[in-house]
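Here's the structure we're looking at; comments come further down.
The values are calculated or read from the model by the stated rules, or taken from the named source; none is laboratory data. Remember, it's a predicted structure, so these values are computed and weren't measured experimentally. Ideal geometry is used to build each Cβ from the backbone, glycine not excepted, and the neighbour counts take in all protein chains shown. Areas reflect the complete protein model, heavy atoms only, side chains present, ligands, DNA and RNA absent. Shrake-Rupley method; radii C 1.70, N 1.55, O 1.52, S 1.80 Å.
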Amino acid sequence: MSGSADRAPRKDRRKSVRRAHRLSVKVLAAPGDAVSYVGLTENLSGGGAFVATRAPSDIGSTVDLIIGLPEQRIVRARGRVCWCRAASIESGTAPGVGIRFERVSDEDADRIRE
């Protein structure tokens, strides 16, 4: 993660409303890459998610996500890392990445909206 890019975007440009959800997520860095890591979503919408994790991801990198929804349902999506956040003791925020979904099936998009 690079210096000035370690901040959340100042202006909220989201097209869909995000709701706070703590869900388990597995992130596969770069399609076909053997490297993966786990985290928790802090929020989720049909357009993307914030994943709290200490694992590094570069802004602009493509990731595949496997998100565990309630009732043992799974959602798969491909997204792009749009921003990174460093941990902050002062505000009590965890480090992580903001991911914009680029590909999600209609069925999985419906599950997210539920």
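Figures for the structure shown
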| read-out | value |
| --- | --- |
| In segment 84-93, the residues that are part of a strand (DSSP E or B) and surrounded by 13 or more Cβ atoms within 10 Å (Cβ to Cβ) | C84, R85, T93 |
| Filter result for E107 (without any contact (Cβ under 8 Å) to a residue 24 or more places away in the chain and either in a strand (DSSP E or B) or open to solvent by 50 Å² or more (accessible area, probe 1.4 Å) (or both)) | yes |
| Residues satisfying the stated conditions in segment 27-83, i.e. open to solvent by 10 Å² or more (accessible area, probe 1.4 Å), in a strand (DSSP E or B) and β-branched (V, I, T) | V38, T62, I66, I74 |
